[in-house]
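Working notes, structure below.
The values are calculated or read from the model by the stated rules, or taken from the named source; none is laboratory data. Since this is a predicted model, take the numbers as computed values, not measurements. Every residue, glycine as well, gets a Cβ built from its backbone with ideal geometry; the counts of neighbours run over all protein chains shown. The area values use the complete protein model at the heavy-atom level, side chains included, leaving out ligands, DNA and RNA. Shrake-Rupley method; radii C 1.70, N 1.55, O 1.52, S 1.80 Å.
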Protein chains: 2
Amino acid sequence: MLECIVTKFGGSSLSTDEQFRKVRSILELEPTRRYLVPSAPGKRFAKDEKVTDLLYMCHSLAKKKKSFEAEFAKIRERYLDIARGLHLKVDIEEKLREVEEGIASGKGRDWCASRGEYLCGLLMADYLGWRFLDAAEGIVFKEDGTLDDDKTQEKLSSLLADGESTVVPGFYGARESGEVQTFSRGGSDITGALVARAVNADVYENWTDVSGFLMADPRIIDSPAEISSITYKELRELSHMGASVLHEDAMFPVRRAGIPTNIRNTNKPYHPGTMISKNAPNEISVPTITGIAGHRGYSVINVEKSMMNSEVGFGRKVLQVFEDAGIPFEHMPTGIDSLCVVVSSELLNPRLDEVVARIEKLVGTNGTVTVSDRMAIIATVGRGMVHNCGTAARLFSAMSRARINVRMIDQGSSELSIIVGVNDNDFEATIHAIYHEFVE
Amino acid sequence: MLECIVTKFGGSSLSTDEQFRKVRSILELEPTRRYLVPSAPGKRFAKDEKVTDLLYMCHSLAKKKKSFEAEFAKIRERYLDIARGLHLKVDIEEKLREVEEGIASGKGRDWCASRGEYLCGLLMADYLGWRFLDAAEGIVFKEDGTLDDDKTQEKLSSLLADGESTVVPGFYGARESGEVQTFSRGGSDITGALVARAVNADVYENWTDVSGFLMADPRIIDSPAEISSITYKELRELSHMGASVLHEDAMFPVRRAGIPTNIRNTNKPYHPGTMISKNAPNEISVPTITGIAGHRGYSVINVEKSMMNSEVGFGRKVLQVFEDAGIPFEHMPTGIDSLCVVVSSELLNPRLDEVVARIEKLVGTNGTVTVSDRMAIIATVGRGMVHNCGTAARLFSAMSRARINVRMIDQGSSELSIIVGVNDNDFEATIHAIYHEFVE
C-alpha cells in the first residue's frame, strides 16, 4: 500500500469546472494522494487562450500604461466560471481584484504570471477542503535567480511535515527578499518534484492530457505505442535526442531522491500511464526497446592524419578546439588514422571557419579536415541492449531492408542506447524502420 | 606496359641456390623488374637458423672475447653453398674473410648484422649480372639514429638515375659519419620502399613465401582467403588491429609517393598476390569486406555523470587524464550522461589507480567511474562500408546468430571499418561469425 502520493495537474486538467471534478474523483480513488500542485487553467479548446498567456499580456500592457481591462476580463471569467460551477465559497472575486490591482500597480512580470497558479490553487484548495500553501513560502530562489535547492527542501519539508493534505500552486516561489519568481515555462512540473521530495513521496504523479510518453514522435509514427515503464536514465537519453518529455529540472529532485514519477492522463484515470523509476522492473514482457528519438541538423568534422594513432593527445587537442569555441560535441567515433566529431550544425556554423582552421593547424600537411552536414542522429533506447545479442542485428537489418545507409554508429558508453547517424533525408524512414521492427 | 618495378625478396626467397634460381626466373618474366632489394638468406627448413641470427651471435660472442668460429662456419657454408650451386665468379670467400675479421676486430652490432644482406646482395648481383650498390652509400641515417628521409631520397635517386639494373641490399644504411646502421628487424621492406620511391617505380613488389595477405588470422580461421586488393588505409586499419602485415615504415614512402605495393609469393610466381594501392580498383567482384583483425586485452573506463552533456569540455578533460598518463585511447563512445574510454589494459594497468582517481575527481559526487577489462576489439575492414547499407546488418546478424553480445560499436570516422567490442572469450567466435558471413 502506498503511503503518500504527490500529484501535479497540468493546465488542461484544470481548464474547466468539469476538469476540476475529474481531479477530485482521481484524488478520491486513492486517499494517499495527499498533495496537489496545480498549473494555471489551460486551453478549453484548440483556439482558447491559456490564463498564463493572458496574464503576461496584462503585465505587458500595464507596463506600457495601456488598458488591460479586456484581457483581465477573460481571466476573471475563467476563474468565476470554475468557482460558480463548483459552488465554491472562497471569495475569488476579492482575490482577482488584488491581482488586478497588483498588475496595475506595476508588480513584476514573474509575480503577474504566477497569479494563474496562485488563484487556481486557491480554488482547488477550497473545492477539496485542503490546506492552501502559497509557494512563495516554500520554494526559495537565490538572489541570482537560481533555485536554492537546500533551503527549498528545508522549508517545504518543515511546512508540510504535519502530513495534512495540501495544495501548493506550481510554477513559482520567492527570493528571500520576498520577491516572487517563476521557473521557466512548464515549471509546475518542478514544483511538483520539489514537493514530492520534501514529503518523501512514494510516487510523484504528473497528470496531463496524454496517457504517458510515446515510444516515438507522433508526427512521424502514426499513433505510437505508449511507454509503460522507463528509467530516468533512459528518459534522459530520449529527451536529449529530442523526445518531448519532462524538463530535466523536473526530474532531477525526484530522480536523486529515488522517487518514481508516474505520467498519467486526467481524462483516462484508469490508464496506468508511464512509470519512470530509477531501476527498471523485472518484467518478462518488457519490450526490447523503450523509445526512439532523434534530431536532424548535425555536422561531422572528419579529421584524417597519418599516424594519428601513435600520437598521444591528438584527440584531446581536437576536442579542445571545440571547447574553446563553446561547442559541445555529441559523438567522437575514431578510426586508426581518423576521428570525427559530431556536433550541432547550428552551434558549429557561426564558428565553422575558425574551428576548421584550428584543426587544420593541428593536422598539418599530413592530413585533411573535411566537414559534412545534414546528418540526423537517432537514438534507440532500451533496457539491457548490450545483454541482448540480437538487438543490433534487428536494428541494422531493419535499416538495411529500408535501404538506409548508416553514416555513424555509436554504442558502448551506456547499456541503454544504440545511436546511428544517417542522412537528414533518411531521418523519418529510419525511425519508421526501427519502430516497426521492434514495436509493431 | 609497366616501365619500372622494384622487387624486394625476403629471406626465405633467398635461402638456397634453388631459391636464387626462382628469383632470376621471376625477373626474367618481366624485364621491367630492374631493381632488387634482397634480405639475408633465411631458413631452409623449420629448425634452420637465419643468417642474421647467426651474425648477431657472432657479434655477441666476439664482444665477450669468445670464439665465434663455429657460428661463422655456418654462415660461410650458407654463402658458399649458394655461390657453388650457381657457379658464381665473385670471390665470396674473400668477402667472408673481411666480414669475419670485422666481427673479430670489434665492429658494431649493426655492421655485423647488416653483412647478411650485404653478402647476399653481392651474390645476387653477380648471379644476375647487375650492378651492386652498397646501401651504406644510398640510405642515410641521422646522427640520432632515425632515417634521414630527404637525404636518402636525394642520394638514392641520384645513384640510380642512370636506370641500370641494380641490386641494393636491404636492412641497412649508414650515418654521414660512415657508421653502418640497420633498420629494425624486417627492415629490408623499408629499403625496398625507399628504392621504389627513389626510382619512382610503377610498382613495388614485395616477394615473400605467402601469396599475399590473408583476410583473417590463420590461427583462428582455417586457410583464410587471400586479399586480392586493398588500400594502404585499409591495410593500416587491419595492421593496427593486429593483422601481421608490412611494417608501417615500409609502406609510408611508397604510400605517399602513390606507388602500389604488390605482395607476391616467390614459390608461386603466377599468383597475383595482394595489391596494395592508394585507391581501390573499381572491380565489380570486390568482396564486401577486405579483412578482419582484432586484439584481446582492452579495458573500458566507463564514466557516468549527471548532466555531463551540458558541460562543455568534460570529454576533453577525461582525455587529458589519459594523455598525462601517456596512454593512447582507442575509442570513446559517448552516451548522454556517460562516456567510456577504451584503452589497452597493458598500458592502463600500471597507472590504473592514478587514472581512476583523477577521473573520479573530475566526476565529483554526481557520478561514477567503473572499469571493466577483458574486452576484445574486432575491426571489419572493407571498402565503402558506409555506402553499403547491408553491411552492418549482416555483421550484427551473424554475431547474433552466434549468440555474441556486442559490448561496443564504433563506426563513422572512416568509411573503412566497423569496430565491435566483445568479451575476450567471444573473440574467436566473433571472427568466425564475421568471416563466414562475408567470405565463405
- [ ] Count neighbours as other Cβ atoms within 10 Å of each site's Cβ, and list the chymotrypsin sites (Phe, Trp or Tyr not before Pro) in region A:4-50 that are DSSP loop with at most 13 such neighbours.
- [x] A:Phe45
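Apply the a/c threshold of 1.5 to the C-alpha gyration tensor of region A:1-112 and tell me whether it is rounded, prolate or oblate. If you can, show how the numbers build up before the last one.
Numbers: a/c = 2.20, a/b = 2.04, b/c = 1.08.
Because a/c hits 1.5 or more and a/b exceeds b/c, region A:1-112 counts as prolate.
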Open item on the list: Charges on Cβ only, +1 for Lys and Arg, -1 for Asp and Glu, centred on the Cα centroid of region A:108-244; of A:Val168, A:Leu128, A:Gly108, which one is farthest towards the dipole's positive end?
Closed with: A:Gly108
- [ ] Compute the long axis of helix B:51-63 from its Cα atoms, compare it with the longest principal axis of the Cα atoms of chain B, and write down the angle in degrees, 0 to 90, nearest 10.
- [x] 80 degrees
TODO: Please determine, in degrees from 0 to 90 and to the nearest 10, the orientation of helix B:92-104 with respect to the longest principal axis defined by the Cα atoms of chain B, where the helix direction is its Cα long axis.
DONE: 60 degrees
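What number, in nm² with one decimal, is the all-direction average of the projected area of the convex hull of the alpha-carbon atoms of the protein assembly as shown? Present the calculation step by step, with values, prior to reporting the outcome.
Numbers: hull surface 176.7 nm².
Result: a mean projected hull area of 44.2 nm².
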Task: Contact order normalised by residue count of chain A, Cα under 8 Å, 6+ apart, percent - done: 13 percent
Task: Paramagnetic reach from B:Ala429 (point 7 Å along Cα→Cβ, amide N under 20 Å) across region B:181-225 - done: B:217, B:219-222
TODO: Treating the angle as unsigned and between 0 and 90°, give the value, to the nearest 10°, between the Cα long axis of helix A:314-324 and the longest Cα principal axis of chain A.
DONE: 40 degrees
TODO: Place +1 on the Cβ of every Lys and Arg and -1 on the Cβ of every Asp and Glu in region B:99-250, take the dipole about the Cα centre, and give the residue among B:Val203, B:Met215, B:Ile139 whose Cα lies farthest towards its positive end.
DONE: B:Met215
- [ ] Describe numerically, in nm with one decimal, the distance between label points set 7 Å from Cα along Cα→Cβ at A:Glu360 and at A:Cys4.
- [x] 6.3 nm
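Only four residue types carry charge here, +1 at the Cβ of Lys and Arg and -1 at the Cβ of Asp and Glu. Report the dipole size of the protein assembly as shown about the Cα centre in Debye, rounded to the nearest 20. Intermediate values should be presented prior to the final figure.
Numbers: 104 positive and 126 negative charges, 112 e Å.
Around 540 debye, computed over the protein assembly as shown.
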Open item on the list: Can you compute the charge dipole magnitude of region B:39-177 about its Cα centre, using +1 on each Lys and Arg Cβ and -1 on each Asp and Glu Cβ, nothing else charged? Give it in debye, rounded to the nearest 20.
Closed with: 740 debye
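Can you give the accessible area per residue of region B:1-119, in Å², using a 1.4 Å probe?
On the way: 5690 Å² over 119 residues.
Per residue, region B:1-119 has 48 Å² of solvent-accessible surface.
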Open item on the list: Before we go on, tell me the buried accessible area for the B/A pair, both chains summed, 1.4 Å probe, in Å² to the nearest 100.
Closed with: 5100 Å²
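Using only atoms on other chains, find how many Cβ atoms lie within 10 Å of each Cβ of peptide A:340-346 and report the average. Numbers along the way, then the final one.
Working: counts 3, 2, 3, 0, 0, 0, 0.
Counting Cβ atoms of other protein chains within 10 Å of each residue's Cβ and averaging gives 1.
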TODO: Distance from a point 7 Å along Cα→Cβ of B:Ser67 to each backbone N in region B:73-110: keep the residues under 19 Å and list them by number.
DONE: B:73-77, B:97, B:100-106
Task: A:Asp81 accessible area, assembled protein chains, probe 1.4 Å, Å² - done: 70 Å²
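Return the loop-located GluC sites (Glu not before Pro) in region A:169-245 (DSSP other than H, G, I, E, B) with at most 15 other Cβ atoms within 10 Å of their own Cβ; answer none if there are none. Mind dumping the intermediate values first?
Values: sites: A:Glu176, A:Glu179, A:Glu205, A:Glu226, A:Glu234, A:Glu237; in loops: A:Glu176, A:Glu179.
Of the GluC sites (Glu not before Pro), the ones in loops of region A:169-245 whose Cβ has at most 15 other Cβ atoms within 10 Å are A:Glu176, A:Glu179.
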Open item on the list: Of B:Ser345, B:Pro260, B:Ala83, which is farthest towards the positive pole of chain B's charge dipole, taken about the Cα centre with +1 and -1 on the beta-carbons of Lys, Arg and Asp, Glu respectively?
Closed with: B:Ala83
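For every helix of n ≥ 4 consecutive DSSP H residues, a contribution of -39,500 (n - 2.57) applies; sum these over the protein assembly as shown, divide by its total residues, and give [θ] at 222 nm rounded to the nearest 500 deg cm²/dmol.
Numbers: 30 runs with 342 residues, N = 880.
When only DSSP H runs of four or more count, the value is -12000 deg cm²/dmol.
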TODO: Leaving ligands, DNA and RNA out of it, work out the accessible area of A:His271 with a 1.4 Å probe and give it in Å² to the nearest 10.
DONE: 50 Å²
TODO: Treating the Cα atoms of chain B as identical point scatterers in vacuum, please give the log10 of the normalised Debye intensity I(q)/I(0) at q = 0.06, 0.11, 0.13 Å⁻¹, two decimals.
DONE: -0.33, -0.95, -1.14
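Shape of region B:185-235 from its Cα gyration tensor (a ≥ b ≥ c, root eigenvalues): rounded if a/c is under 1.5, otherwise prolate when a/b > b/c, or oblate? Numbers along the way, then the final one.
Numbers: a/c = 2.68, a/b = 1.98, b/c = 1.35.
Prolate is the answer for region B:185-235, as a/c is 1.5 or above and a/b outweighs b/c.
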Task: Distance (nanometres) between label positions extended 7 Å along Cα→Cβ at B:Asp202 and B:Asp53 - done: 4.0 nm
TODO: Before anything else, pin down the relative contact order of region B:244-386: Cα pairs under 8 Å, at least 6 apart, normalised by residue count, whole percent.
DONE: 32 percent
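If you rank B:Ser15, B:Ser105, B:Ser165 by how much accessible surface each has, with a 1.4 Å probe, what is the order from largest down?
Values: B:Ser15 10, B:Ser105 90, B:Ser165 30 Å².
Of B:Ser15, B:Ser105, B:Ser165, the descending order of accessible area is B:Ser105, B:Ser165, B:Ser15.
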TODO: Quote the charge dipole size of chain B about the Cα centre in Debye, to the nearest 20; the model charges only the Cβ of Lys and Arg (+1) and of Asp and Glu (-1).
DONE: 460 debye
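Would region B:320-440 count as rounded, prolate or oblate if I go by the C-alpha gyration tensor, calling it rounded below 1.5 in a/c and otherwise prolate when a/b exceeds b/c, oblate otherwise? If you can, show how the numbers build up before the last one.
Numbers: a/c = 2.29, a/b = 2.00, b/c = 1.14.
In terms of gyration-tensor shape, prolate.
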- [ ] Between copies, how far apart are the A:Lys47 label points? List them in nm, one decimal, shortest first, with each point 7 Å from Cα toward Cβ, please?
- [x] 10.0
Task: Solvent-accessible area, 1.4 Å probe, carbon plus sulfur percent, for the protein assembly as shown - done: 48 percent
Open item on the list: Using each residue's phi in region A:33-50, evaluate 6.51 cos²θ - 1.76 cosθ + 1.60 at θ = phi - 60° and report the 3J(HN,Hα) Karplus result to the nearest Hz, with x for Gly and Pro.
Closed with: 6, 10, 10, 9, 10, x, 7, 8, x, x, 6, 8, 8, 3, 9, 5, 9, 7
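What percent do you get for the relative contact order of region A:120-241 when only Cα pairs under 8 Å and 6+ apart count? Don't jump to the answer; show the numbers that get you there.
On the way: 149 pairs, mean separation 24.2, N = 122.
Result for region A:120-241 is 20 percent.
Set the bar at 25 Å for Cα to Cα. Now go through A:Lys50/A:Lys95; B:Lys43/B:Lys268; A:Lys43/A:Lys151; A:Lys74/A:Lys95; A:Lys63/A:Lys89; A:Lys8/B:Lys305 and name every pair that lies beyond it.
Working: A:Lys50/A:Lys95 19 Å; B:Lys43/B:Lys268 18 Å; A:Lys43/A:Lys151 34 Å; A:Lys74/A:Lys95 15 Å; A:Lys63/A:Lys89 33 Å; A:Lys8/B:Lys305 28 Å.
From A:Lys50/A:Lys95; B:Lys43/B:Lys268; A:Lys43/A:Lys151; A:Lys74/A:Lys95; A:Lys63/A:Lys89; A:Lys8/B:Lys305, over 25 Å: A:Lys43/A:Lys151; A:Lys63/A:Lys89; A:Lys8/B:Lys305.
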